[in-house]
1. How big is the Kirkwood radius of the stretch 13-76, worked out from every pair of different alpha carbons and given in Å to one decimal?
2. State, to one decimal in nm, how far the label point of residue 66 lies from the label point of residue 24, with both points 7 Å from Cα in the Cβ direction.
Amino acid sequence: MAPTTDRAAPSDPDSRQERVEQLLQRLRAEADVTLRRMAERLTDLPEEQSFGQVELDLRDLAHGLASSAHQAGLQAGKKGATKVAASPAPAAAIPASSTTAPRPG
């Protein structure tokens, strides 16, 4: 697993904690919905169906939650403007289309 790093590395630890709490509030609602769906899927599941499709269903629900958390984190980190200068690399030149040999026939 990759180490976690702060995007902005704020100087105020209280500011970081505040951002964590705000993000947690956003994530809890999605987590509650996903956990409910998992619980409903598992409730009264016949023992002979304890493996197989239910595992895939639970994995898909967990993956959806992870994806939502990632998206929420990305949205929470948006500041509205970039702080890095634009790349000095020139734009790629797109060559004009060329004609090819005539079609046979």
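1. Working: mean 1/r = 0.0750 Å⁻¹.
After inverting the pairwise mean of 1/r, the radius is 13.3 Å.
2. 2.2
Since every read-out is calculated from the coordinates, none of them should be taken as a lab result. Since we're looking at a predicted model, the values are computed, not measured. Glycine also receives a Cβ, built like all others from the backbone with ideal geometry; neighbour counts cover every protein chain displayed.
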